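What follows is a short report on a single structure.
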Amino acid sequence: LIPDWSHAMSKSETLFADAQRLIPGGVNSPVRAFTGVGGVPLFIERANGAYLYDADGKAYIDYVGSWGPMVLGHNHPAIRNAVIDAAERGLSFGAPTEMEVKMAQLVCELVPSMDMVRMVNSGTEATMSAIRLARGFTHRDKIIKFEGCYHGHADHLLVKAGSGALTLGQPNSPGVPADFAKHTLTCSYNDLDSVRAAFEQYPQEIAAIIVEPVAGNMNCIPPQDDFLPGLRSLCDEFGALLIIDEVMTGFRVALGGAQEYYDVQPDLTCLGKIIGGGMPVGAFGGRRDVMMALAPTGPVYQAGTLSGNPVAMAAGFACLTAVSQPGVHQRLTEQTDKLAAGLLRVAQEENIPLVVNHVGGMFGLFFTDAESVTCYADVTRCDVERFKRFFHLMLQEGVYLAPSAYEAGFMSVAHSDEDIQRTIDAARRCFAQL
Ligand code: PMP
């Protein structure tokens, strides 16, 4: 009998089946499993410029960009060559290197609120360490975060809001002791009254506010005009530190991050993603007096065997050097504007109610009748089922969007006008089928 090959599994399907036996959910980070959209994730073989190529050889215009780092496009030659050069001199020394000094200098120049910086290996480490430092510096335990903001998976940050501004944090993952989460107060994004109420309830106990200056982990929600300045003045009034988590927005919303774009001065900044150019790097830094409280100059402990790794630093330095060339952020913004305008136009033509939020090189699509989407509650009112259908139709068209209605999209400077036009044309066909 001749076997029926019409149902032969794709290479991604075969790999996913194998992966699920060996790795929980088949992935090393949950959203990659397409949990937000269903179906089988693509296994990627290589990437170049604006394109991803899956294990079956199909090409996709990529708007995930490794979840943010690939602001220059994939496999940028300057970064690749820097990595190869560094690797030839050794992979890790566990001792300081000149490149760490150069990198610190560059980061502190690009983000002027940072007098000093410490390198870590991920965004999670950056936020976790910044919060420990803020607590150690202020001798206070509580922190404020915002509903729908993600700051990595440290215990006390994995807390979502109950309803109302002053809800004491409840862990939203088993394994997070309630005792750890109880120091996390959750307020509503873009709602300064909820923050003031938290401070008034605990005027002497709040060490810091941590905020995504453009929320990118509940799709894409820019701050309203008074929000970030309002957080700054509440922190000043109550003696708390303002931590701006620029893991996603840093070097993307503007060269100096969202703090430059919105002109707000944090006490501490967290960085990740682009700072490593695709290698695992994070960083936190800020006011000199606060940073000096860190070991070994101060008592707040923080460390890392591979922190400041020479290959990772070389990649990050090459990436930031290229990203700081004139015109990069203008192009990033222009390409994002073109995509947003084009998607809105074809959605209207196909009678699909759509809101598109975008800032710099970040964007978000919301299937909703609402005029605007400004907080987590608005996001939850969007049509997730419609997004899922749209995602899969776009994937068939060769466009790779973030596989979740709650993640931002990322532009790169490698996305050509033609790539963007192809995306808009594909979206029109997909909208017509929704
Ligand atoms: N903060 C923000 C704003 C993020 O978007 C992320 C990751 N998406 C993190 C922190 C955590 O970074 P990582 O995944 O590198 O630990």
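Laboratory data are not the source of any read-out in this text; all were calculated from the coordinates shown. The structure displayed is predicted, hence computed values, not measured ones. Glycine also receives a Cβ, built like all others from the backbone with ideal geometry; neighbour counts cover every protein chain displayed.
Details
- Annotation: amide H-H contacts under 5 Å for Ala215 (H modelled 1.01 Å from N, sequence separation of 5 or more, or interchain): Ile221.
- For the range 253-317, the calculated P(r), taken from all Cα-Cα distances in 10 Å bins from zero up to the bin holding the longest distance, is 19, 41, 36, 4 percent.
- Couplings 3J(HN,Hα) of the range 74-91, computed from phi: 6, 6, 5, x, 5, 6, 4, 5, 5, 5, 4, 4, 5, 4, 5, 9, x, 8 Hz, in residue order, whole Hz [Karplus 6.51 cos²θ - 1.76 cosθ + 1.60, θ = phi - 60°; x for Gly and Pro].
- In plain terms, if you count all Cα to Cα distances in the range 171-217 and split them into 10 Å steps from zero, the share in each step is 21, 47, 31, 1 percent.
- Ranking Gly409, Ser12, Ala426 by how far each Cα lies toward the positive end of the dipole of the chain (charges on Cβ) leaves Ser12 at the top.
- Near the amide H of Val399, within less than 5 Å, lie the amide hydrogens of Ile61, all on another chain or at least 5 residues away, with H placed in the peptide plane.
- Contact order, relative form, for the range 326-406: 20 percent (alpha carbon pairs under 8 Å, 6 or more residues apart, mean separation divided by residue count).
- Remark: spin-label model distance Glu88-Gln396 equals 4.9 nm, labels positioned 7 Å along the Cα→Cβ axis.
- Counting only Cβ charges, +1 for Lys and Arg and -1 for Asp and Glu, the dipole size of the range 89-140 around its Cα centre is about 240 debye.
- With Cα atoms, 0 to 90° folded angle of helix 384-396 axis to the chain main axis: 60
- For Ile44, Ile210, Ile243, order by how many other beta-carbon atoms lie within 10 Å, fewest first: Ile44, Ile210, Ile243
- Reach of Lys58 by Cα under 12 Å, taken over aspartates and glutamates that are not fewer than 8 positions away in the same chain: Glu45, Glu397
- Note on the range 241-393: along the principal axes its Cα atoms extend 60, 33, 31 Å, ordered by decreasing extent.
- Cα pair distances exceeding 19 angstrom across the range 59-208, given as percent: 67
- J(HN,Hα) series, the range 179-193, from Karplus relation 6.51 cos²θ - 1.76 cosθ + 1.60, nearest Hz, glycine and proline x: 4, 6, 6, 5, 8, 9, 9, 10, 10, 8, 4, 6, 10, 5, 4
- Among Leu228, Met99, Ser324 the positive-end extreme of the charge dipole of the chain (Cβ point charges): Met99
- With θ taken as phi - 60° and the Karplus curve 6.51 cos²θ - 1.76 cosθ + 1.60 applied, the whole-hertz 3J(HN,Hα) list for the range 315-322 is 5, x, 5, 5, 5, 5, 4, 5 Hz, x standing for glycine and proline.
- The range 102-132 residues near the modelled Thr297 label - backbone nitrogen below 17 Å, point 7 Å along Cα→Cβ: 102-109, 112-120, 130
- Charge dipole (debye, nearest 20) of the chain; +1 at Cβ of Lys and Arg, -1 at Cβ of Asp and Glu: 740
- Evaluated with a Cβ-only charge set (Lys, Arg +1; Asp, Glu -1), the range 29-136 carries a dipole of roughly 260 debye about its Cα centre, given to the nearest 20.
- For the chain, the alpha carbon positions stretch 73, 54, 47 Å along the principal axes, listed from largest to smallest.
- Each label point was placed 7 Å from the Cα along the Cα-to-Cβ direction; for Asp56 and Ser372 their separation is 4.3 nm.
- Looking at the chain alone, DSSP beta bridges between its own residues are antiparallel in about 60 percent of cases.
- Inter-site label distance for Gln201 and Asp179 at 7 Å from Cα along Cβ, in nm: 2.2
- Residues whose placed amide H lies under 5 Å from that of Asp245, excluding near-sequence neighbours: Val211, Glu212, Cys270
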